[in-house]
Ligand code: LLP
């Protein structure tokens, strides 16, 4: 099968020459290897779903939510996590089965909840207490029953960038653990006829490189399950342990296999349930990044080149923070190559800069490239598949790039390049 290959000095991605792809579809271009996405899903099946009965994977679609991607997720029979009316709308457009959709989010609007209940989503993951009442009033209006989980704040510290850490005590996400807040709500939900209580959900953070935070949060969730059994005699049906599995962006990142995170977590879960005579609930995980990040690359054409004597060389590309805001927002590191000069030795350290009018629009600060790089060369950035296209913007009125899927040498557009006309279509001329 696939992988990243070099032929005739060109970078190939899932059997396709990136230089040809850039000519055919233009740049900036998002290129996803379908085989790599499928391989991630297969790994999750082997290391989690098939290994541990009564488990599920819900793809956190915020990482990359497009119709073609959601169709692929449905094809591999995973569930889906959405966090807004827009993500849900895309899922509906992709004919994603309602019962396999989970609706997360810390401030779902009445209209979004109504849309979700009307479509019949499988779970609503409640993030605040006022949401319970809102869901109940919609259930009454639509004569529907809602299957809900409580997202809790597990109060664990996470070793990752503070901007993508979510499980700490002072977090806008989740319901606080304080018993005087939590238990009256659980009681209320257990008594409500229009609500079915499934269990607890947490998400500790993203791009995690060790499983300490997961393990600490799992203990919290398991103890809550036990407490609910003791207090109300109610056995919860499901625990959702969130996502967060880290991937490789640069040579210094070490990617851990899913089993590294999940085996200890599942052992702990099984043991706890046996010791406390509880039925082991269904365990759901919600990875986003790890399913799509490494499968995606971005292609840009090199333009202006600026040499500041004794200081730095800036090589500009025809995109940047508008198609990948992560370096500007999180100081995220990436690796890349001059895709049409793969056989040339790299030596010169340069800075790859974007075209937006913003000093932080620097894609990669120090990267070795071939000694001769000229306008028209093609730059490929690796591991852009997660939170790249999905966080893209029209800043400076740059159109959103096209997205293509490649597989075994074949390519296919899955999102067309945005046009100038589309960019201003909602603007009103006075
Ligand atoms: N479940 C919940 C409730 C989440 O909030 C998230 C991510 C996930 C699952 C998926 O986490 P993952 O497996 O992708 O790490 N824009 C940031 C990442 C924000 C993640 C927010 N929540 C970035 O570009 O790094």
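The values are calculated or read from the model by the stated rules, or taken from the named source; none is laboratory data. Since the model is a prediction, treat every value here as computed from it, not as a measurement. Backbone-built Cβ (ideal geometry, glycine too); neighbour counts: all protein chains shown.
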Quiz item: For segment 302-332, how many residues are in a loop (DSSP other than H, G, I, E, B) and closer than 20 Å to residue 31 by Cβ?
Solution: 9
Practice problem: Consider residue 386 carefully, then state whether it is in contact with a helix residue (DSSP H, G or I) (Cβ under 9 Å, 6 or more places away or on another chain) and surrounded by 15 or more Cβ atoms within 10 Å (Cβ to Cβ). | Solution: yes
Self-check item: Among the residues listed as 260, 232, 249, the single one being within 16 Å of the ligand (Cβ to nearest atom) and under 30 Å from residue 123 (Cβ atoms)
Solution: 260
Quiz item: So which residues in segment 268-290 are assigned to a loop (DSSP other than H, G, I, E, B) and under 22 Å from the mean Cα position of the chain (by Cα)?
Solution: 286, 287, 288
Practice problem: Could you grab me the full set of residues in segment 372-409 that are assigned to a loop (DSSP other than H, G, I, E, B) and more than 18 Å from residue 18 (Cα to Cα)? | Solution: 372, 386, 387, 388, 392, 393, 394, 398, 399, 400
Quiz item: What are the residue pairs meeting all of these: first residue in segment 343-368, first residue outside the structural domain of residue 333 (by TED's automatic domain parsing), second residue in a loop (DSSP other than H, G, I, E, B), Cβ atoms under 6 Å, and 6 or more apart or on different chains?
Solution: none
Quiz item: Is there a residue being closer than 30 Å to residue 329 by Cα, within 16 Å of the ligand (Cβ to nearest atom) and under 24 Å from the mean Cα position of the chain (by Cα) anywhere in segment 188-199?
Solution: no
Self-check item: Of all residues in segment 62-104 being closer than 23 Å to residue 202 by Cα and out of contact with any helix residue (DSSP H, G or I) (no Cβ under 8 Å at 6 or more places or on another chain), the one that is nearest to the ligand (Cβ to nearest atom)
Solution: 104
Practice problem: Working only within segment 236-280, note down all residues that are within 15 Å of residue 291 (Cβ to Cβ) and without any contact (Cβ under 8 Å) to a residue 40 or more places away in the chain. | Solution: 255
Quiz item: What strands (runs of 3 or more DSSP E) completely inside segment 3-112 contain at least 1 residues that are over 24 Å from residue 380 (Cβ atoms) and assigned by TED's automatic domain parsing to the domain that holds residue 282?
Solution: 55-60, 79-82, 101-103
Exercise. Determine which member of the set 124, 181 is modelled with pLDDT under 95 and either within 14 Å of the ligand (Cβ to nearest atom) or not assigned by TED's automatic domain parsing to the domain that holds residue 330 (or both).
Key: 181
Quiz item: Residues 135, 175: which one is in contact (Cβ under 8 Å) with a residue 24 or more places away in the chain and under 18 Å from residue 217 (Cβ atoms)?
Solution: 175
Quiz item: Restricting the search to segment 389-414, which residues are crowded, with 24+ Cβ neighbours inside 10 Å and within 16 Å of the ligand (Cβ to nearest atom)?
Solution: 389
Self-check item: Residue under evaluation residue 147, criteria (1) over 30 Å from residue 210 (Cβ atoms); (2) not in a strand (DSSP E or B), criterion not met
Solution: (2)
Quiz item: residue 79: under 19 Å from the mean Cα position of the chain (by Cα), in contact (Cβ under 8 Å) with a residue 40 or more places away in the chain and under 17 Å from residue 58 (Cα atoms), yes or no?
Solution: yes
Quiz item: Does residue 60 meet the test of being closer than 21 Å to residue 389 by Cα and buried (at least 24 other Cβ atoms within 10 Å of the Cβ)?
Solution: yes
Quiz item: Within segment 351-371, which residues are more than 27 Å from residue 397 (Cα to Cα) and either modelled with pLDDT of 95 or more or in a strand (DSSP E or B) (or both)?
Solution: 366, 367, 368, 369, 370
